[in-house]
Amino acid sequence: MDRKAAAAALLALALAQPAFAAAVRPAGEQTKIDFLIGEVKKSDDVFIRNGVEYSGKKAASHLSFKLRFAGKRVQTAMDFVLGVASKSEESGKLYEVRSKEGHREPLRDWLLARLLLHEKTHPAGPTPGPTPAVAP
């Protein structure tokens, strides 16, 4: 690789770095996001992205990647669900989930139902300061 190509590669890497920098969001919101990604990961349902079926583990990995890329744009669990975990950035198609029984629904609805239940069973306490985002 010549010097010009190497310099261009380093510049591209430096410019991409902020996109992958760890976001800082409120700890309670990060906990909710981690919970939602964990729900996807441990699920036996089939997750559908752009017409292709994925396991919960693969879907969770994809959502974690998208969350890291979204960075500071995602400050709340609702930001995560609506802005990251609902549709493909590439095609604009909604993500879906299909249960073992064959029930199919938008992933957004599946996540929102779990978020609502989590918030009911884990009421917010005092608001701690922001924490660095750490994907599961």
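Throughout, read-outs are computed from the coordinates displayed, never taken from laboratory work. Given the structure is predicted, the values throughout are model-derived calculations rather than measurements. FYI the Cβ positions are ideal-geometry reconstructions off the backbone, even for glycines, and counts take in every protein chain you see.
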| query | Lys66: which aspartates and glutamates have alpha carbons under 17 Å from its alpha carbon, excluding same-chain residues fewer than 8 sequence positions away? | reply | Glu29, Asp34, Glu39, Asp79, Glu89, Glu90, Glu96
| Relative contact order of the range 24-124: what whole-number percent is it, with Cα pairs under 8 angstrom and at least 6 residues apart? | 29
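May I ask you to compute the full-extension gain from Val52 to Arg98, defined as 0.36 nm times their residue separation minus their alpha-carbon distance, rounded to one decimal in nm?
15.4 nm
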| said: Cut-off under 18 Å on the C-alpha distance; same-chain residues fewer than 8 positions from Lys72 excluded. Which lysines are left, in chain and number order? | reply: Lys32
| request: Could you tell me what % of all Cα pairs in the range 24-124 have separations over 19 Å? | output: 36
| Ranked Val81, Val40, criterion: other C-beta atoms within 10 Å, fewest first | Val81, Val40
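Could you give the length gained on full extension between Glu119 and Thr76, defined as 0.36 nm per residue of separation minus the Cα-Cα distance, in nm?
Numbers: separation 43, 0.36 × 43 = 15.48 nm, distance 1.27 nm.
Full extension from Glu119 to Thr76 adds 14.2 nm.
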